[in-house]
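Q: Below is a structure I'd like to ask you about.
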Amino acid sequence: MGLEGFYQCVPANCELLRRSITDEEYGNFLTMLYRFKPEKPHPMWEGEDVEFLRDLNQLLNDNPGLHLRNFTLDSAWDVLEYVISPARRAQNYEQPDLGRKAVNGEKELAPHLMGAQGVAMRLIPPETVKKILTYLMQTDFKANFDLPQMLQAGVYKCPEDWTEETFWAYVDGYLKDFTGLFRQAAIHNEAVLVWID
């Protein structure tokens, strides 16, 4: 099983985030992928998450369509990061640019909020979401796409047996949908939660 990127729009100052950051037991339920996706999430883990679910359902009721404002890059997250992030192409992980922040998030939420594979959950605040959207909409990324170079750079899950044309069509589709997620987040003035798990 490999790492996948999942992205969920969320109001930046909601109680669900606040309590997940301050309460480790409660926050464990936030680390589970796809809890936002059904319109009415149901309790799991023998009802241990009943308080979390109460708050999640209230959040979904207060923000119509929130359960639809999410997206997965599957295992293509590093491929997309390579294409949209000069820092990733330069292997400069100390100076994150907007492309790197878009894929990996801007700030860690709390030390206890980790995915199953030990990667910290991160958040992109609304003001950064808007900057990322502008960047994604105004930049032509095709020139950054070089399949042999990506293979040489060890980009995660980069396929060796695809043609450049076929693989670019695949990446471009992800890029358009990823931009669409940031457009929705900006329209609703929401943050974006990031799981690489």
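Each value in this text was obtained by applying a stated rule to the coordinates, not by laboratory testing. Since this is a predicted model, take the numbers as computed values, not measurements. Here the Cβ positions follow ideal geometry from the backbone for every residue, glycine too, while neighbour counts run over all protein chains shown.
Q: Looking at the stretch 111-158 only, could you name the residues that are among the aliphatic types (A, V, I, L, M) and in contact with a Gly (Cβ under 9 Å, 6 or more places away or on another chain)? Outline the logic, then answer.
A: Going through the stretch 111-158, the residues among the aliphatic types (A, V, I, L, M) turn out to be 113-114, 116, 119-121, 123-124, 129, 132-133, 136-137, 143, 147, 150-151, 153, 155.
The answer is 113, 120, 121, 123, 124, 132, 136.
Q: With the structure loaded, tell me whether residue 127 is without any contact (Cβ under 8 Å) to a residue 40 or more places away in the chain and touching a Leu at 6+ places or on another chain (Cβ under 7 Å) or whether it fails that test.
A: On the way: without any contact (Cβ under 8 Å) to a residue 40 or more places away in the chain: yes; touching a Leu at 6+ places or on another chain (Cβ under 7 Å): no.
Spelling it out, it is not the case that residue 127 is without any contact (Cβ under 8 Å) to a residue 40 or more places away in the chain and touching a Leu at 6+ places or on another chain (Cβ under 7 Å).
Q: Which number in (1) within 17 Å of the chain's Cα centre (by Cα); (2) part of a loop (DSSP other than H, G, I, E, B); (3) surrounded by 13 or more Cβ atoms within 10 Å (Cβ to Cβ) marks the one condition that residue 132 misses?
A: Only one criterion in (1) within 17 Å of the chain's Cα centre (by Cα); (2) part of a loop (DSSP other than H, G, I, E, B); (3) surrounded by 13 or more Cβ atoms within 10 Å (Cβ to Cβ) is unmet by residue 132, namely (2).
Q: Still on this structure, I have one more. Residue 122 passes all but one of (1) buried (at least 20 other Cβ atoms within 10 Å of the Cβ); (2) under 12 Å from the mean Cα position of the chain (by Cα); which number fails?
A: It fails just one condition, (1).
Q: A further question on this structure: Would you check which residues across the stretch 1-23 are charged (D, E, K, R) and free of Cβ contacts under 8 Å to residues at least 24 places away in the same chain and list them? Explain how you work it out, then say what you get.
A: Restricting attention to the stretch 1-23, the residues satisfying the condition of being charged (D, E, K, R) are 4, 15, 18-19, 23.
Listed by number, the residues that qualify are 18, 23.
Q: When you go through (1) part of a loop (DSSP other than H, G, I, E, B); (2) surrounded by 18 or more Cβ atoms within 10 Å (Cβ to Cβ) one by one for residue 92, which number turns out not to apply?
A: (2)
Q: Now for a different question. Take residue 51 and decide whether it is crowded, with 19+ Cβ neighbours inside 10 Å and outside any loop (DSSP other than H, G, I, E, B).
A: Values: crowded, with 19+ Cβ neighbours inside 10 Å: no; outside any loop (DSSP other than H, G, I, E, B): yes.
So residue 51 does not fit the description; no.
Q: Continuing with the same structure: Please work out which residue is farthest from residue 105 (Cα to Cα), limiting yourself to the stretch 130-155 and to residues that are touching a residue at least 12 places away in the same chain (Cβ under 8 Å) and of a type in the set (Ser, Thr, Tyr).
A: Among residues in the stretch 130-155 that are touching a residue at least 12 places away in the same chain (Cβ under 8 Å) and of a type in the set (Ser, Thr, Tyr), the one farthest from residue 105 (Cα to Cα) is 139.
Q: When you look at residue 168, is it aromatic (Phe, Trp, Tyr) and closer than 24 Å to residue 16 by Cα, yes or no? Step through it out loud before you land on a result.
A: Details: aromatic (Phe, Trp, Tyr): yes; closer than 24 Å to residue 16 by Cα: no.
Answer is no for this residue.
Q: Out of curiosity, is residue 101 assigned to a helix (DSSP H, G or I), charged (D, E, K, R) and either without any contact (Cβ under 8 Å) to a residue 60 or more places away in the chain or buried (at least 21 other Cβ atoms within 10 Å of the Cβ) (or both)? Let's see the steps before the verdict.
A: Working: assigned to a helix (DSSP H, G or I): yes; charged (D, E, K, R): yes; either without any contact (Cβ under 8 Å) to a residue 60 or more places away in the chain or buried (at least 21 other Cβ atoms within 10 Å of the Cβ) (or both): yes.
Yes: the conditions hold for residue 101.
Q: Determine, yes or no, whether residue 38 is out of contact with any Pro (no Cβ under 7 Å at 6 or more places or on another chain), surrounded by 13 or more Cβ atoms within 10 Å (Cβ to Cβ), in contact (Cβ under 8 Å) with a residue 24 or more places away in the chain and not polar (S, T, N, Q). Working first, answer last.
A: Numbers: out of contact with any Pro (no Cβ under 7 Å at 6 or more places or on another chain): yes; surrounded by 13 or more Cβ atoms within 10 Å (Cβ to Cβ): no; in contact (Cβ under 8 Å) with a residue 24 or more places away in the chain: yes; not polar (S, T, N, Q): yes.
Taking the combined requirement at face value, the residue does not satisfy it.
Q: While we're on this one: Can you name every residue in the stretch 156-186 that is touching a residue at least 40 places away in the same chain (Cβ under 8 Å), closer than 13 Å to residue 136 by Cβ and basic (Lys, Arg)?
A: Result: 183, single match.
Q: Another question about this same structure. Could you list all residues from the stretch 163-197 that are assigned to a loop (DSSP other than H, G, I, E, B) and surrounded by 14 or more Cβ atoms within 10 Å (Cβ to Cβ)?
A: Looking only at the stretch 163-197, we keep the residues that are assigned to a loop (DSSP other than H, G, I, E, B), and these are 163, 188-190, 197.
Within the stretch 163-197, 188, 190, 197 qualify.
Q: Sticking with this structure for a sec: Could you tell me whether any residue of the stretch 29-42 is part of a helix (DSSP H, G or I), in contact with a Leu (Cβ under 9 Å, 6 or more places away or on another chain) and not basic (Lys, Arg)?
A: Taking the stretch 29-42 and keeping what is part of a helix (DSSP H, G or I), we get none.
So far as the stretch 29-42 goes, no, none of its residues is part of a helix (DSSP H, G or I), in contact with a Leu (Cβ under 9 Å, 6 or more places away or on another chain) and not basic (Lys, Arg).
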